[in-house]
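Here is the structure we will look at.
We did not get these values from a lab; they are worked out from the coordinates using the rules stated. All values reported here derive from a predicted model rather than from experimental measurement. Using ideal geometry, Cβ is built from the backbone for each residue, glycine included, and neighbour counts are taken over all protein chains shown.
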Amino acid sequence: MLKAQPHIKMLASVTSVDEALIALDAGVDMIDLKNPSTGALGALDPALVKDIVDAVNHRTTVSATIGDLPMQPSLIVDATKIMVETGVDILKIGFFGQLNHAICLDALKFQASQTKLIAVLLADEQPDFGLLKNIAEAGFYGVMLDTANKSKGHLLSHLPLSRLMEFVSSASLLGLQTGLAGSVNVGHIKDLCDVKPSYLGFRGALCEKNQRALGLDATKVRSIKKMLH
């Protein structure tokens, strides 16, 4: 069996209480709450997020997305505040496109001082790694690379390993936790572990027929978790 480096943690995206409990039973390090049917970082209803948080009951870290939102500071801050009220440990915020990222980061500084925030950059939208310094200065907990369009390839379709290493190295030097995701499957694990992110994130690879909109397959969750052990 493929053995990955022991310090790489596993993030599993789930859509329900039942899926969260499957991930919890498998020993997943971070249970990420999102709605794949409404976008790359689609948000679940806050009431459902709270139900999942209550069911997990602090037995592992829980993160949630705030939705695929335009880069409008007031909109993003409001969505962040609403999701904070659910009791999640970490919030993931997508930085789509190339415009208004700096002003959104500035608007989130107070929230970043109160809650662990992760900025998600999109590998298929020409991400600007120069933004990492701004993300750190805004007080964010971490940064991830993901893909916006799941129908147009996986993370490594858009960025070579050398760029991923640059991303992880630069972010780590700034004190940020790092994550890699974006239609990552079993065949990518060894190469991505060599990049040494804090987390690898999965959804489709954990699901029936490898389809991210279908339900979690407990056997697949356990198998990938063992690869990252």
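Within the shell of other residues whose beta carbon sits under 10 angstrom from the beta carbon of residue 29, the net charge comes to +2, with Lys and Arg scored +1 and Asp and Glu -1.
Helical content of the chain, expressed as a calculated mean residue ellipticity at 222 nm, amounts to -10500 deg cm²/dmol (DSSP H runs of 4 or more residues, -39,500 (n - 2.57) each, divided by residue number, nearest 500). In plain terms, the chain from residue 106 to residue 37 could stretch by 21.9 nm, reckoned as 0.36 nm per residue minus the Cα-Cα distance.
Find, among the GluC sites (Glu not before Pro) in the range 81-145, those assigned to loop by DSSP (not H, G, I, E, B) with at most 11 other beta-carbon atoms within 10 angstrom.
Numbers: sites: 85, 125, 137; in loops: 85.
Answer by residue number: 85.
Neighbour counting of Cβ atoms within 10 Å sorts the residues 95, 110, fewest neighbours leading, into 110, 95. Residues considered: 23, 148, 79. Largest GNM mean-square fluctuation over the chain, using C-alpha springs under 10 Å, is found at 79.
Out of all DSSP beta bridges with both ends in the chain, state the antiparallel percent to the nearest 5. Mind dumping the intermediate values first?
Values: 1 of 33 bridges.
Of those bridges, close to 5 percent are antiparallel.
Could you work out how far the C-alpha centroid of the range 152-172 sits from that of the range 88-132, in angstrom? One Cα centre to the other: 17 Å. Going down the table (109/150; 50/81; 50/226; 34/220), which pairs top 25 Å between alpha carbons? Those over the limit are 109/150; 50/226. Each of 151, 183 was scored by other Cβ atoms within 10 Å of its Cβ. Listed from fewest to most, they are 151, 183.
The Rg/Rh ratio for the range 9-227, using Cα coordinates for both the radius of gyration and the Kirkwood hydrodynamic radius, is 0.93. Computed extension gain for residue 163 through residue 196, at 0.36 nm per residue and net of the alpha carbon distance, reaches 10.6 nm.
Sorting 170-176, 140-146 by their mean Cβ neighbour count within 10 Å, with the most densely packed peptide first, gives 140-146, 170-176. Taking amide H atoms as placed 1.01 Å from N in the peptide plane, the amide H of residue 14 lies under 5 Å from those of 32, 33, 34, each 5 or more residues away in sequence or on another chain.
How large is the Kirkwood hydrodynamic radius of the range 1-68, in angstrom, based on all distinct alpha carbon pairs? Let's see the in-between values first.
On the way: mean 1/r = 0.0808 Å⁻¹.
Roughly 12.4 Å, rounded to one decimal.
The loop-placed trypsin sites (Lys or Arg not before Pro) in the range 28-103, going by DSSP, that have at most 16 neighbouring Cβ atoms within 10 Å of their Cβ come out as 59.
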